[in-house]
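Undergrad: Please read through the structure below; I'll follow up with questions.
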There are 2 protein chains.
Amino acid sequence: MDSKELWTRYCEQLRVYPELGISLDISRMRHEDDFIESMTPAMNDAFKAMAELEAGAIANPDENRMVGHYWLRNPELAPNPELAEEIQASISKISGFAKAIHKGEIKTEKGEVFKNVLLVGIGGSALGPQLVADALWHPSNPMELFYIDNTDPDGIAKTLTQIGSDLDKTLTIVVSKSGGTVETRNGNLEAAKAYQKLGLSFEKHAVAVTCPDSKLDKLAADSGWLERMHMWDWVGGRVSIFSAVGLLPAALQGVDIQEFIAGAKEMDDLTRVDSIDQNPAARLALMWYASGDGKGKKDMVVLPYKDRICLFSKYLQQLVMESLGKEHDLDGNVVHQGIAVYGNKGSTDQHAYVQQLRDGLNNFFVTFVEVLQDYTEDSDNVSNLHVETGVTSGDYLNGFFQGTRRALFESNRDSITITIDELTPKSLGALIALYDRTVGLYASLVNINAYHQPGVEAGKKAAAQVIELQKAILTELESRSDDAGLTADELSAAIGQEEEAESVYKILEHFAANPGRGILRTGDRHPSSSRYKLAATE
Amino acid sequence: MDSKELWTRYCEQLRVYPELGISLDISRMRHEDDFIESMTPAMNDAFKAMAELEAGAIANPDENRMVGHYWLRNPELAPNPELAEEIQASISKISGFAKAIHKGEIKTEKGEVFKNVLLVGIGGSALGPQLVADALWHPSNPMELFYIDNTDPDGIAKTLTQIGSDLDKTLTIVVSKSGGTVETRNGNLEAAKAYQKLGLSFEKHAVAVTCPDSKLDKLAADSGWLERMHMWDWVGGRVSIFSAVGLLPAALQGVDIQEFIAGAKEMDDLTRVDSIDQNPAARLALMWYASGDGKGKKDMVVLPYKDRICLFSKYLQQLVMESLGKEHDLDGNVVHQGIAVYGNKGSTDQHAYVQQLRDGLNNFFVTFVEVLQDYTEDSDNVSNLHVETGVTSGDYLNGFFQGTRRALFESNRDSITITIDELTPKSLGALIALYDRTVGLYASLVNINAYHQPGVEAGKKAAAQVIELQKAILTELESRSDDAGLTADELSAAIGQEEEAESVYKILEHFAANPGRGILRTGDRHPSSSRYKLAATE
């Protein structure tokens, strides 16, 4: 294809949505000429399935649940007026709470105005809020956000150190949809201990975001936390950003959440159109299908050319892989579906892995995200510097994006480009909504349930077994005084868990590396010969 | 394989290196029984090639360069005493400079002690320093690090805002091996302007890290920067962490760089051993080969269970993909080699994409990085909290790691586990060195040059063309007073670049979105009909 033909193809295939300031270019995705036509019946079925989902069908059959995240952006869509009212009430409550915090109507235990937010959550309960916070950060934000998003005590300690003595002015939000996520429970307990250490009452600084009557909800109610915000079982964690999970921290940071919701609503309206020609989500979903043959044969590399939305790559990784990475299709056939997603930001990544993208394995397609406005907000720190006559840093960013897109295409690597005029609450909301719908449509094309995550249970169960095993090991060691200690083999036999010798060894090694745990290791560290005993028995 | 057989396999295949506190477990990588034997001749050749490389061979033939990053960890290996002396002198200079900064012997322009470091660099000049800073952060660090690692004016403004008025106590290090990286040049200019705006002389706060006599080196010499630190053309950017690129910011942060270097040297000694049975890098390289059939058929998912080394995933992404992602082998055959790498951190990622890893596409192998010691440093913020009787947050982190490893293996997904006793300068140095060698050995197995990056040139050239085109557009628009403005087609014709209409359109759209640039857009935003003119002509 020469540059004239490419330009014609670009003009034909570009879709501009001026009211949202977003456009979608699929001109650099190669596919058979009749591909779109051949997929039209399947896409029409996907449109139909999506209409049913939005109307309240049990679109997540394995969990017997409705899939309602679209209602959060347009409560009128909710299948009954009570739900619509609940959604509206939730948004009002969030706005009112944030306003009261900002105005100091709700004060810290010491009677001061809150200045920080510490969000405790993991996965869908953390990544969305982090994305919004980064993307819409502004020097004038009334509150600064911190996160505990793992059960790593070292990481938790670092966050608490960074907050330091300002913990007394920190509002902690504990987010767990189910209310039983153990990593979040641990983060909650660690944070509570830190408040206590400073002589503060945790409950006077704490808010829960969870489903009604969950473990967390009851804890917050019983302990008299500042506030409880509710969500619903028909909102999946990875699409919960327009529920209190995303809206509460955003509102506290000072983001205009009405605009954020409005952007998503407008995009939902655009992606509800039953037309492959007009619907950007349908166009995107078809390109994913074309690239990977409907089997995820190619990885999706996400390259936003904007530092602020660097996390968008990770957000899509979670959304796409958790939604589409499934063993069975809706008819129960084993399909092992999915699309692997990774990325970071341009042009930084040109100095990392773009070498492989251009020259190496052709096992991917790229999604570029281009933001036309160089400065997200006017601010004193906007330099508008010309690094050469008439040329700014932003021109180079744009030049590198264009250059990489071209170089990849020339070496037969495909790409999609999403262009955003300005990064605002509205356009960010629209961008997220675009991908919500794309994932839903693609899931229909490949006939899978995009709204459950059965595969994560096995790892959780296995982890719980490790914790039980650890308890048994400690009990056994405490009951003995073998001077020489026991090997992993001996110890696993002693607790009647011969088949768990490896796990026993790994638990003992973890104990031995942490002197506070009171377990001594002797021997050469080989798993079959190292010995372990209580330090007290020495 | 039942659990008894697995335990036997684990005991046989685990390699523990107690002096470094690192072990490598490949028992969960499936391969044919005779695989190791069949690869032995090829690995012996790889050992030989590595010995020649370390002895100073032109191991990067395309650029006619030696490959000397191993000498940085053990100057005695350098092919001549002059080089050895240069390396030693460089390390002494870095240590001395950092000490003088910490003691206030080198003061800010205002006569105060420096408290921040602003590192301006991209790719290999930024990611390594960022990894070290995160991994070895401690509350008592004498200096805090900030980064400009892109040419995004918005991102740069955010960093400068965060530093704020403390810029007068900020030492800026500009890092560019070649001295001509345009993103870094832009970051340098933007930073310099920020100092100027506060009435400060940039040069009194600036240090250059670059090859001798580069553009940057000359600029720093001519402008009288505080200091210049040199590196060498035989150190690739992605392996430059043991040169001034990584050592200077680390030393300024307060990291014991002698220990960091010593850890790498010890690992180099271990990975120089010509024995597949004993050499951990050889074992790793063979597992990469087995998993992807020597063709990168499987992605490498990196899951460190430790927040502090979350960036290790990104570091390996750069190291592996830029080194191995090559079009040609050393004999000139088209091979399109590479291994795609992505990851973030556990257990957080269990709530993101582990669903797909367990149930979806089986197109990857996992590398777990386990750190046994829960708290990297003793500190007041160590809670040692028991979240259940006898169970800590760290026990859960370990439990989730073990659980995920097991759940993946049960569903036929392979994994490697690297276990580190404690995260220290020494173990981090060793971990990095392990992967340097693994990449080198794997490159030999697949017969490619791991030390150049020819594929990034095309994107850079195309970007430069965009900047030139932009200049021509501005000149043309300034010379005209078309009231109606010009379309992208008309403008590209006017400057004699008809074939660049698309790029012209994209440049004009970028201008129009930034009011300060003085370009007005009229029309419906469609690429073939939108019109653009100078704002002044209205």
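The values are calculated or read from the model by the stated rules, or taken from the named source; none is laboratory data. Model, not experiment: these values are computed from the prediction. Counting neighbours? That spans all protein chains shown, and the Cβs are built from the backbone with ideal geometry, glycine included. Side chains included, ligands, DNA and RNA excluded: accessible areas come from the protein's heavy atoms. Shrake-Rupley method; radii C 1.70, N 1.55, O 1.52, S 1.80 Å.
Undergrad: Measuring from a point 7 Å out along Cα→Cβ, what nm distances, shortest first, does B:GLU86 have to its partners in the other copies?
TA: So the label point of B:GLU86 gives 7.0 nm to the other copies.
Undergrad: Counting only the heavy atoms of the protein chains, how much of A:HIS351 is accessible to a 1.4 Å probe, in Å² to the nearest 10?
TA: Result for A:HIS351: roughly 40 Å² accessible.
Undergrad: Related question: Just need log10 I(q)/I(0) for region A:24-65 at q = 0.28, 0.32 Å⁻¹, Debye formula, equal scatterers on the alpha-carbon atoms, no solvent, rounded to two decimals.
TA: Each listed q maps to, in turn, -0.94, -1.04.
Undergrad: Count charges around A:ALA46 for me, please; just the other residues with Cβ under 13 Å from its Cβ, Lys/Arg as +1, Asp/Glu as -1.
TA: The answer is 0.
Undergrad: Moving to a separate point now. If you average the C-alpha positions of region B:465-538 and of region A:127-170 separately, how far apart do those two centres end up, in angstrom?
TA: 43
Undergrad: Let me check against my output: what whole-number percent is the relative contact order of region A:455-534, with C-alpha pairs under 8 Å and at least 6 apart?
TA: 33
Undergrad: PRE reach from A:LYS107 (point 7 Å along Cα→Cβ): which of region A:186-229 fall under 16 Å by backbone N?
TA: A:201, A:204-205
Undergrad: What is the packing order of peptides B:228-235, A:153-160, taking the mean over residues of other C-beta atoms within 10 Å and listing the highest first?
TA: On the way: B:228-235: 20.6, A:153-160: 24.0.
Listed from highest to lowest mean packing, they are A:153-160, B:228-235.
Undergrad: Quick one: divide the alpha-carbon radius of gyration of the protein assembly as shown by 2.2 N^0.38 Å and tell me what you get.
TA: Normalised Rg, Cα atoms only: 0.91.
Undergrad: Let me ask another. Can you compute the modelled spin-label distance between A:GLN258 and A:ASN333, with each label point 7 Å from Cα toward Cβ, in nm?
TA: Rounded to a tenth, the inter-label distance reads 5.0 nm.
Undergrad: Continuing with the same structure: Just to confirm the numbers: A:HIS138, label point 7 angstrom along the Cα-Cβ line, distances to the other copies in nm, shortest first?
TA: So the label point of A:HIS138 gives 4.1 nm to the other copies.
Undergrad: Find the relative contact order for chain B and round it to a whole percent, using C-alpha pairs within less than 8 Å whose residues are 6+ positions apart.
TA: Details: 918 pairs, mean separation 85.6, N = 538.
About 16 percent, as a whole number.
Undergrad: Further question on the same structure: Hey, which residue of A has the C-beta nearest the axis mapping A onto B, and what's the distance in Å?
TA: A:TYR342, 2
Undergrad: Pairs of Cα atoms under 8 Å, at least six residues apart: use those to get the relative contact order of region B:69-255, whole percent. Intermediate values should be presented prior to the final figure.
TA: Details: 326 pairs, mean separation 52.3, N = 187.
Rounded, it is 28 percent for region B:69-255.
Undergrad: Report, in deg cm²/dmol and to the nearest 500, the calculated mean residue ellipticity at 222 nm for chain B, where each DSSP H run with n ≥ 4 adds -39500 (n - 2.57) and the sum is divided by the residue count.
TA: -14500 deg cm²/dmol
Undergrad: Also, I was wondering about something else. Please compute the average number of Cβ atoms from other chains found within 10 Å of each residue's Cβ in peptide A:359-367.
TA: Average per residue, whole number: 6.
Undergrad: Beyond 31 Å between alpha-carbons counts as too far, so tell me which of A:LYS506/B:LYS99; A:LYS107/A:LYS471; A:LYS99/B:LYS158; A:LYS4/B:LYS297 fall in that bin. List each step's numbers first, then the result.
TA: Details: A:LYS506/B:LYS99 41 Å; A:LYS107/A:LYS471 42 Å; A:LYS99/B:LYS158 25 Å; A:LYS4/B:LYS297 36 Å.
With Cα atoms farther than 31 Å apart: A:LYS506/B:LYS99; A:LYS107/A:LYS471; A:LYS4/B:LYS297.
Undergrad: Let me ask something else about it. Can you give the FRET efficiency to the nearest 0.05 for A:VAL273 and B:SER178, using r as the Cβ-Cβ distance and R₀ = 35 Å? Numbers along the way, then the final one.
TA: On the way: r = 50 Å, r/R0 = 1.42.
It comes out at approximately 0.10.
Undergrad: Say R0 is 45 Å: what FRET efficiency, to the nearest 0.05, do B:GLU76 and B:SER201 get from their beta-carbon distance?
TA: After rounding, the FRET efficiency stands at 0.60.
Undergrad: Related question: Under a no-solvent Debye model with one identical scatterer per Cα of chain A, what's log10 I(q)/I(0) at q = 0.08 Å⁻¹?
TA: Calculated log10 I(q)/I(0) at the listed q: -0.62.
Undergrad: Given label points at 7 Å from Cα along Cα→Cβ, what nm distances, shortest first, separate B:LYS115 from the same residue in every other copy?
TA: Values, ascending and in nm: 1.4.
Undergrad: Enumerate the residues in region B:190-205 having an amide nitrogen under 19 Å from the point lying 7 Å beyond the Cα of A:HIS386 toward its Cβ.
TA: B:190-194, B:197, by backbone N distance to the label point.
Undergrad: A further question on this structure: How charged is the neighbourhood of A:ALA430? Take every other residue with its Cβ under 13 Å from the Cβ of A:ALA430, and add Lys/Arg as +1 and Asp/Glu as -1.
TA: Local charge sum for A:ALA430: -4.
Undergrad: Label points 7 Å out from Cα along the Cβ direction at B:GLU12 and B:LYS48: separation in nm?
TA: With each label placed 7 Å out from Cα toward Cβ, I get 3.0 nm.
Undergrad: What shape does region A:69-255 take by its C-alpha gyration tensor, where a ≥ b ≥ c are the square roots of the eigenvalues and a/c under 1.5 counts as rounded, a/b above b/c as prolate, and the rest as oblate?
TA: Here region A:69-255 falls in the prolate category.
Undergrad: Give the aspartates and glutamates whose C-alpha is closer than 19 Å to that of A:LYS103, dropping any in the same chain fewer than 8 places away, or say none.
TA: Within the straight-line limit of under 19 Å, A:LYS103 reaches these aspartates and glutamates: A:GLU112, A:GLU144, A:ASP166, A:ASP168, A:GLU227, A:ASP256.
Undergrad: Efficiency by 1/(1 + (r/R0)^6): what FRET value for B:LYS215 and B:GLU422, r their Cβ-Cβ distance, R0 = 35 Å, to the nearest 0.05?
TA: Plugging the Cβ-Cβ distance into 1/(1 + (r/R0)^6) gives 0.25.
Undergrad: Under a 5 Å amide H to amide H cut-off, with H placed in plane at 1.01 Å, what residues pair with B:LEU118 once short-range neighbours are removed?
TA: Long-range HN contacts for B:LEU118: B:PHE146, B:LEU171, B:THR172, B:ILE173.
Undergrad: With all protein chains present, how much of the accessible area of the protein assembly as shown (probe radius 1.4 Å) comes from carbon and sulfur, to the nearest whole percent?
TA: 47
Undergrad: Give me the 1.4 Å probe accessible area per residue for region B:68-112, excluding ligands and nucleic acids, in Å².
TA: On the way: 2250 Å² over 45 residues.
About 50 Å² of surface per residue is accessible.
Undergrad: Am I reading the A/B interface right? What is its buried accessible area, both sides, 1.4 Å probe, to the nearest 100 Å²?
TA: Chains A and B together bury approximately 12700 Å².
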